[in-house]
1. Once label points are set 7 Å from the Cα along Cα→Cβ at both residue 70 and residue 166, what is their separation, rounded to one decimal in nm?
2. How would you classify the stretch 165-266 from its alpha-carbon gyration tensor, with a ≥ b ≥ c the square roots of the eigenvalues: rounded for a/c under 1.5, else prolate if a/b is greater than b/c, otherwise oblate?
3. Of the DSSP beta bridges with both residues in the stretch 91-228, give the percent that are antiparallel, rounding to the nearest 5.
4. Please say if the stretch 84-198 is rounded, prolate or oblate, where rounded means a/c under 1.5 for a ≥ b ≥ c the square roots of the C-alpha gyration tensor eigenvalues, and otherwise the choice is prolate for a/b larger than b/c and oblate otherwise?
5. Under a plain spin-label model, where a point goes 7 Å from the Cα along Cα-to-Cβ, how far apart in nm are residue 49 and residue 127?
6. Starting with the highest mean, order 132-138, 189-195 by the number of other Cβ atoms within 10 Å, averaged over the residues of each peptide.
7. Computed over the Cα atoms of the stretch 61-131, what is the convex hull's projected area averaged over all directions, in nm²?
8. Label points 7 Å out from Cα along the Cβ direction at residue 255 and residue 79: separation in nm?
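FYI, it's all coordinate maths here, none of it is from the lab. Everything numeric here is computed off the predicted structure, so don't read it as measured data. Cβ coordinates were reconstructed from backbone atoms using ideal geometry, including for glycine residues, and neighbour counts include every protein chain displayed.
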């Protein structure tokens, strides 16, 4: 008996679509990270046994180093209903990583200022992309729920030395997002605030350092609109306030940026109005140099207080296969993008008149919008 190929194909599609376990068998669902999800980060664990933190109820999401933690550790965390984000540097070659030999000499160039042993990589290199794909595969095999690829802002001030533009790094993040989705992993945007309009639709959360210190938190409004978490880390102080329309999960870590201990959820006893906005003179200087961001944030409207400690634990829906709709984001945020981005791994300027004079001299010398030096943390992965 002759059976039409069309009928066979139709029947196959129908049976496949109707199979109740099709999605489970083909790939695991990508984890969603809703706005306000509780969070902590431990990149330099030192002698800490990460397995022992699974009973900690202060957070439902933990960001740990991809290389320094094994599958058994991650399994223990997940069995305690923790969602595990695995950190690696996507924008630099670190000379202590086990895959350092996979980089060709042409794959990396400028040294990363103030971070010994790190060099910016060529984000257009096919070999670099292949290395990052293997790291994403490692994250999947170890059982991570998501990845936190750092140092994707080398275009800012031409730190990387390759002369690549913002669009080139946006393409790189999209590549990482595509590979992560193929592996069933969520992915976050680390700092690199200028990339938000370009990559919001392909990432599930953001990890930010020091948006309070540099008056940049308002730029995360599109993430809140899309119901995507923003995990904000501040070094020193006790920041608890979020700009109107922005939901942040805030951690206040030690000023040494070691990221080697848990905790730091902002104190709910401290009212937002009493928090020192840019309390140090250094912060004041940094804020004053960011013309657009300062005009947006200085004189803030009443703010809402958000913190991991003050919120009930969020139960993450691991069956979510697509991020919330972001169709209204572009219109909603078209007027709030400051002209400067977050630069990684640079020393903080002191708030002296001498430094202000130096800043003015830099502007006169024609620096690209007076790129501000910022000491953003990127985890070393070294045991301290």
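1. Each label point is offset 7 Å from its Cα along the Cβ direction, giving 4.5 nm.
2. On the way: a/c = 1.89, a/b = 1.59, b/c = 1.19.
It is prolate, given that a/c is not under 1.5 and a/b is the larger ratio.
3. On the way: 5 of 10 bridges.
If we restrict to bridges inside the stretch 91-228, about 50 percent are antiparallel.
4. Details: a/c = 1.69, a/b = 1.21, b/c = 1.39.
Judged from the Cα gyration tensor, the stretch 84-198 comes out oblate (a/c at least 1.5, b/c at or above a/b).
5. With each label point 7 Å from Cα toward Cβ, the separation is 4.2 nm.
6. On the way: 132-138: 19.3, 189-195: 25.6.
Going from most to least packed, we get 189-195, 132-138.
7. On the way: hull surface 22.4 nm².
One quarter of the hull surface, i.e. the mean projection, equals 5.6 nm².
8. 4.2 nm
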